[in-house]
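The numbers here are math on the coordinates, done by the rules we state, and not lab data. Every value quoted in this text rests on a predicted model; they were computed, and no experiment measured them. Every residue, glycine among them, receives a Cβ derived from its backbone with ideal geometry; neighbour counts consider all protein chains shown.
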Amino acid sequence: MKLSDPQTLIANDPHRFKVVIAGRRFGKTFLSIRQLCYHARIPNKEIFYITSSYRSAKMIVWKPLKRRLLDLRWAAKVNESELSITLKNGSTISLKGAENPDSLRGPSLSYCVIDEMAEVDPELWYEVIRPALADQQGGAMFIGTPKGKGNWSYDLFRQEEHLNDWKSWQFKTIDGGWVTEEEIAAARQELDARTYRQEFEASFETFEGVVAYNFSRELNIKTLAAPDLRTLHIGMDFNTSPVTAAVYVQQGKEMYQIDEVHMLNSNTAEMAQEISRRYPKSQIICYPDPAGQQRKTSASGATDFTILRNAGFEVRAPRAHNLVRDRINSYNARLCSSDGIRHLFIDAKCKYTIESLEKFCYKEGTQVPDKGQWDHMFDAASYCIDYLFPIKRDRDPNLIQPQRWGHALA
Ligand SMILES: Nc1ncnc2c1ncn2[C@@H]1O[C@H](COP(=O)(O)OP(=O)(O)O)[C@@H](O)[C@H]1O
Ligand SMILES: [Mg+2]
């Protein structure tokens, strides 16, 4: 059995941890079986193949794996009820389902394939498999189709950016060579554009429910060469953990987020100090959560707004919250307007903002933003944009103007 060129590239690569994102029918499972056998050629190895469930492990790989090992005359004992094969050299390959993590505990592992990893719980990797690989310095291959940027497989895919023993690949279905162009063209007609790109082009599509749906890493990340720091516009969200701020400079119609502040277990006073420390010479205009007008967080009884004003900042906020939906729309419209122009850019160093934009989602099937983890930086970033560039409802006579709308622009 010969591997295709991209399969060969992956198989021959020396990295300990490999992440393969590929389209349907690329040959992911085929490559998985090859890798299992390759690692089992060395005596006394303990090798796992893991996928979402025991049932699908059995359906997808049991027969071809067994056939392969029998053809090679390597198999010594086949255990049908446990889906494991012991080889003459003492190595064992076992198929496992991720739905039963306890069945995976125990042995020290030599190698492991996690197929369709988007369907597998990340804790299984971090808490069970990764530790089991430690004493033998075992390797792993993660393989599957992408499932949006909210899924942990996207984090794994990007692990190579900061960890030396990780390497990632991304291949389209057509690169595999097992599906004809005609078949792919037919699939393209049947599927919506996003599903097609995900399933056949292995693209990490922005999740259906992503709040900042117009954000594009390619098009909205930009560094301003020489930002004019005389006036800074700073969106801010008050919490204790995290306290967040998005620092912008305005250039004509364009807003550039040049910095971010993200502090755990902190407060408004510390935020004000941090901003003054970073930008001692700038005029600071804050666009905080309107709730800070009344909210008292300090022992002295000062409101968040008072604290900011006392720090020498100007504070701009509507008297009450605008509709969240409108704030989301105005932020997205700056990211990309309906005529395709982008007015909002984020510096690549604002990593937490970028991650928040990609991960902050609606609750499944709803228009309710899923608060908790990724909302804070989005809120900070969008309070400012919404204040400066509000969606003007009154231009559309079909829309009822809510009472809450209509704070005066400063
Ligand atoms: N190197 C190869 N040699 C021969 N057939 C292959 C090879 N790689 C994949 N195939 C075949 O292509 C088809 C798709 O492969 P599969 O591994 O099931 O894809 P995926 O898991 O990516 O959907 C299968 O019929 C498989 O047997
Ligand atoms: Mg497969």
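Net charge near Ser94: determine it from the other residues with C-beta under 10 Å of the C-beta of Ser94, scoring Lys and Arg +1 and Asp and Glu -1. Net of charged neighbours comes to -1.
Under the shape rule built on the C-alpha gyration tensor, where the axes satisfy a ≥ b ≥ c, the range 1-148 is rounded, since a/c falls short of 1.5. Taking the Cα centre as origin and putting +1 on Lys and Arg beta-carbons and -1 on Asp and Glu beta-carbons, what dipole magnitude results for the chain, to the nearest 20 debye? For this selection, approximately 440 debye.
Apply the a/c threshold of 1.5 to the C-alpha gyration tensor of the chain and tell me whether it is rounded, prolate or oblate. Before the final figure, lay out each step's value.
Details: a/c = 2.77, a/b = 2.11, b/c = 1.31.
Note, shape of the chain comes out prolate.
Counting lysine pairs in the range 217-388 that sit 8 or more residues apart in sequence, or on different chains, and whose Cα atoms lie under 29 Å apart gives 22.
Contact order for the range 92-210, expressed relative to its length and based on alpha carbon pairs under 8 Å spaced 6+ residues apart, stands at 23 percent. The Cα atoms of the range 217-388 give a gyration tensor whose axes a ≥ b ≥ c have a/c of 1.5 or more with a/b no greater than b/c, which makes the shape oblate.
Give the lysines whose C-alpha is closer than 28 Å to that of Lys77, dropping any in the same chain fewer than 8 places away, or say none. Once the sequence-local lysines are set aside, what remains near Lys77 is Lys2, Lys28, Lys45, Lys58, Lys63, Lys66, Lys88, Lys96. The DSSP beta bridges internal to the chain are antiparallel in roughly 40% of cases.
Computed over the chain, the per-residue total of -39500 (n - 2.57) for DSSP H runs of n ≥ 4 gives a 222 nm mean residue ellipticity of -8500 deg cm²/dmol, rounded to 500. What list of ³J(HN,Hα) values in whole Hz, one per residue of the range 162-179 in order, does the Karplus curve 6.51 cos²θ - 1.76 cosθ + 1.60 (θ = phi - 60°) give from phi, with Gly and Pro shown as x? These are the phi-based 3J(HN,Hα) values: 10, 10, 5, 8, 10, 8, 10, 9, 9, 10, 7, 3, 4, 5, x, x, 9, 10 Hz.
Below 8 Å between Cα atoms, with a sequence gap of 6+, how large is the relative contact order for the chain in percent? Can you show the working numbers first?
Working: 770 pairs, mean separation 62.0, N = 410.
15 percent.
Placing a pseudo-label 7 Å from each Cα along the Cα-to-Cβ vector at Leu219 and Gln250 gives an inter-label distance of 2.4 nm. Quick check: the distance between the Cα centres of the range 193-261 and the range 345-381, to the nearest angstrom? When both Cα centres are located, 9 Å separates them.
Relative to the longest principal axis of the Cα atoms of the chain, helix 324-335 runs at roughly 80 degrees. If you take every residue apart from Ala348 with its C-beta less than 13 Å away from the C-beta of Ala348, what net charge results, scoring Lys and Arg +1 and Asp and Glu -1? Net local charge, Ala348 excluded: -2.
Segment Arg309..Gln159, full-extension length gain: 49.8 nm, with 0.36 nm per residue of separation and the alpha-carbon distance subtracted.
Net charge near Glu181, counting Lys/Arg +1 and Asp/Glu -1 over other residues with Cβ under 14 Å of its Cβ?
Details: positive: Arg25, Lys172, Arg188; negative: Asp175, Glu182, Glu183, Glu201.
Net charge around Glu181: -1.
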